[in-house]
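Note sheet for the following structure.
Every read-out reported here was derived from the displayed coordinates using simple, explicitly stated rules and does not represent laboratory data. Everything quoted here is computed from the prediction, not taken from an experiment. Virtual Cβ from ideal backbone geometry, glycine too; neighbours counted across all protein chains shown.
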Amino acid sequence: MASVGRAYRQAIDDYLESEELYQSRIPQYMDAIRKCTYRRFTTGFYYGRPDQDAMVYDSNTYVNEAVFLGIVEKITPENRARIMQRNKFCVGDHIEVMKPDGRDIPIIVKAMYNENGEEVDSAPHPKEIIDLELVMEEDMSVSADVEEGDLLRVVMPTA
């Protein structure tokens with residue numbers, strides 16, 4: 001739910017900067033929040049007890065558009081992003097950096113190293129400490145702009 005928290009943080013910051021800016025970005029906030037849900041939104045009990053027409057029966061299947069990989073814990077002296085990995089991913093995967101300011105930066109996993117500094121092809125087990133060499137998707141010779149606290153995720157292709 002980091003995406004939802006980030007959307008709310010951005011909305012609050014934008015509102016404090018300017019109500020016009022906030023109003024102009026409402027579709028962006030809503031889009032970010034919709035990516036994290038599995039059903040349509042309702043008003044719930046906000047306007048009183050909902051009747052039968054307010055019930056949502058159309059889908060109970062979770063639609064996961066992104067898979068969380070981990071939070072960048074530090075940048076190593078070798079300019080690698082260290083994470084405690086949460087879900088499986090591999091060298092060569094196209095992933096995203098979620099910046100606190102709302103930007104999502106597409107990058108590629110160029111290489112990964114385990115806790116012993118050994119190069120590995122994948123991180124299959126949750127909670128592994130992994131150091132990542134990350135490069136920009138549009139120019140693989142350029143290191144990705146990754147900082148401590150950034151979130152990494154894989155965006156799943158939509159059908």
Could you list, in sequence order, the residues of region 119-128 that are surrounded by 15 or more Cβ atoms within 10 Å (Cβ to Cβ) and over 14 Å from residue 94 (Cα atoms)? 120, 123, 128
Positions within region 113-159 being under 11 Å from residue 83 (Cβ atoms), more than 17 Å from the chain's Cα centre (by Cα) and among the acidic types (Asp, Glu), in sequence order: 128, 131
